[in-house]
Amino acid sequence: MKNFYLTIFDFILPRLCASCGTKLTKEEKVICNHCKEQLTFADNERLEKEYLRKFSKNNFIDGFTSLFVFETGTSIQDLIHSVKYDNKFRNGNYIGQQIAANLKDRILSWQPSFIIPVPLHSLKKAERGYNQSYYIAKGISSVLKIPVKQNIIKRNRYTQTQTKLNMDERRENMRNAFLLRNNKVIKSSRIILLDDVITTGATVSECGRILKENGADKVFALSAAIAD
């Protein structure tokens, strides 16, 4: 019955691949099989290297993992940008569900208390209308039943775009960009910080610092994709 209604809906309003725009079959979700095959998964060697490079110099992030490798001009960029800029909330849930399905053992081994989507500044959120990381977090939560909490950290400073900044400049750009709104709930908690793409790790590291300095037991970083 579900497939019958999906066939009818696809006839009236066809679902299109988030990357190439071709019509999806009833078996395909969000992205077609051809584009899905183009996605590059982050292997353990890459993840270990990224953790050492981005997080090991401080004790703010206790563990890190990511599902994909972010590459410009590829299916993963199209998929993430469809959530980030095109109001495709369902695509965010799909990404989260893929993270949960593929990284379940690693995530559950952290024994997390809850997930915090890395917050946007209020001006950026007003401009975009939503926080894309929230929808990815909700997708993870729907599979792994880990609560999502949005109102723990606030982004109190509007930071310049980090696209052209190196690692040290990004860390300085993010310094004191966040403040804690509720420190009671984080006491002795094991927290996952969720972002769509982690590049230098400066943003999640600064969030991790705030959480650790206010009593969090462990803080873990998780993202849909990792970028250089």
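The values are calculated or read from the model by the stated rules, or taken from the named source; none is laboratory data. Owing to the predicted nature of the structure, the values given are computational and were not obtained by experimental measurement. Every residue, glycine among them, receives a Cβ derived from its backbone with ideal geometry; neighbour counts consider all protein chains shown.
Would you confirm whether or not the range 56-71 contains a residue that is out of contact with any strand residue (DSSP E or B) (no Cβ under 7 Å at 6 or more places or on another chain), more than 24 Å from I191 (Cα to Cα) and not hydrophobic (A, V, I, L, M, F, W, C)? Steps first, please.
Within the range 56-71, the first condition is being out of contact with any strand residue (DSSP E or B) (no Cβ under 7 Å at 6 or more places or on another chain), and the residues that meet it are 56-59, 71.
Those still in the list that are more than 24 Å from I191 (Cα to Cα) too: 71.
Narrowing further to those that are not hydrophobic (A, V, I, L, M, F, W, C): 71.
Yes, the range 56-71 contains a residue that is out of contact with any strand residue (DSSP E or B) (no Cβ under 7 Å at 6 or more places or on another chain), more than 24 Å from I191 (Cα to Cα) and not hydrophobic (A, V, I, L, M, F, W, C).
Each row is one residue, and each column tells you yes or no for (1) of a type outside the set (G, A, S); (2) touching a residue at least 24 places away in the same chain (Cβ under 8 Å); (3) closer than 15 Å to D228 by Cα.
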| position | (1), (2), (3) |
| --- | --- |
| T22 | yes, no, no |
| E27 | yes, no, no |
| L39 | yes, yes, no |
| S56 | no, no, no |
| N59 | yes, yes, no |
| V69 | yes, yes, yes |
| G73 | no, no, yes |
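You will find that of K138, K145, the residue that is in the same structural domain as N87 (by TED's automatic domain parsing) and surrounded by 15 or more Cβ atoms within 10 Å (Cβ to Cβ) is K138 and no other.
Considering the range 182-228 alone, what residues qualify as being farther than 25 Å from E169 by Cα, in contact with a strand residue (DSSP E or B) (Cβ under 7 Å, 6 or more places away or on another chain) and charged (D, E, K, R)? Listed by number, the residues that qualify are R190, D217, K218.
The rows are residues; the columns are (1) part of a loop (DSSP other than H, G, I, E, B); (2) touching a Gly at 6+ places or on another chain (Cβ under 6 Å); (3) at pLDDT below 95.
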{"position": "I80", "(1), (2), (3)": "no, no, no"}
{"position": "N87", "(1), (2), (3)": "yes, no, yes"}
{"position": "K104", "(1), (2), (3)": "no, no, no"}
{"position": "L108", "(1), (2), (3)": "no, no, no"}
{"position": "L123", "(1), (2), (3)": "no, no, yes"}
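Each residue in the range 84-119 was checked for being over 16 Å from L222 (Cβ atoms) and not aromatic (F, W, Y), and 6 pass. Candidates are the residues of the range 120-135 that are touching a Leu at 6+ places or on another chain (Cβ under 8 Å) and in contact (Cβ under 8 Å) with a residue 40 or more places away in the chain; the one that is surrounded by the most Cβ atoms within 10 Å (Cβ to Cβ) is S133. Residues in the range 120-141 that are of a type outside the set (K, R) and over 19 Å from A221 (Cα atoms): H121, S122, L123, A126, E127, G129, Y130.
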